[in-house]
1. Provide the gained length on full extension for the span Ser122 to Val106, in nm with one decimal, where the gain is 0.36 nm per separating residue minus the Cα-Cα distance.
2. Given R₀ = 22 Å, what would the calculated FRET efficiency be for Glu154 paired with Thr34, taking r from the Cβ atoms and rounding to 0.05?
3. By average Cβ neighbour count within 10 Å, what is the ranking of 149-161, 63-75 from highest down?
4. Taking other Cβ within 10 Å of each residue's Cβ, how do Val97, Val106, Val56 sort, fewest first?
5. 222 nm [θ] for the chain, helices only, -39500 (n - 2.57) per DSSP H run of 4+, per residue, to 500?
6. If a paramagnetic tag sat 7 Å from the Cα of Thr27 along the Cα-Cβ line, which residues of region 91-116 would have the backbone N under 20 Å from that point?
7. Between Lys170 and Ala72, what FRET efficiency follows from the Cβ-Cβ distance if R0 is 25 Å, with the result rounded to 0.05?
8. Amide H neighbours of Lys135 under 5 Å, at least 5 residues apart or on other chains, H built in the peptide plane: list them.
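Coordinate-derived values only; no laboratory data. This is a predicted model, so every value here is computed, not measured. Note: ideal-geometry Cβ built from the backbone for every residue, glycine included; neighbour counts use all protein chains shown.
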Amino acid sequence: MADATHHEHKSHTPKSIGCMVITCSDTRTPDTDTSGQAIHKLLRQFGHEVVAYHLVKDEPAQITNRIKESLANNAVKAIIINGGTGISKRDSTFEAVDAMLEKRLVGFGEIFRYLTYRDIGSPAIMSRATAGIIKDRILFSIPGSENAVRMAMENLILPELGHLVNELNK
């Protein structure tokens, strides 16, 4: 019964969501950003619109500036950031994102790490993937590897994106 109710509830969600994609990397260029390209392709395949794309260094000020820019654009309802979620000294995306979130969706990171664990084992504990709400937008921050991007997009983000945006507009 609950499953049928859940499907009925999701049937009323928006079919196309405006998204901003941000790649955080000190080494990638637009031509070598295969993870950002994968996010673009998957969003479009599922009928969503990429309103803006940015490639920034893994610097907190650059990351927060791009997030703030998305908040000024009413077409952006979701922000998907890839890269900078590890534990190296240069990985600062998590801190920049976490400081801006108004609500955290801790289940996203927990399930992401569980799925990652099933694929690669114990190194999954190093991922600081996170998601949350900022100014009526949903924000996802995922690792920069193309495999991690595809797993997060296909298993977690795309199946719930419309539902999350719909819930934010209630």
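1. The Ser122-Val106 span can extend by a further 3.8 nm.
2. Values: r = 16 Å, r/R0 = 0.71.
E between Glu154 and Thr34, to the nearest 0.05, is 0.90.
3. Ranking, from highest mean packing down: 149-161, 63-75.
4. Fewest-to-most Cβ neighbours within 10 Å comes out as Val106, Val56, Val97.
5. The helix contribution divided over the chain gives -13000 deg cm²/dmol.
6. Under cut-off, by backbone N: 91-94.
7. Values: r = 23 Å, r/R0 = 0.92.
Efficiency, rounded to the nearest 0.05: 0.65.
8. Amide H to amide H, under 5 Å and 5 or more residues apart or across chains, Lys135 pairs with Glu102.
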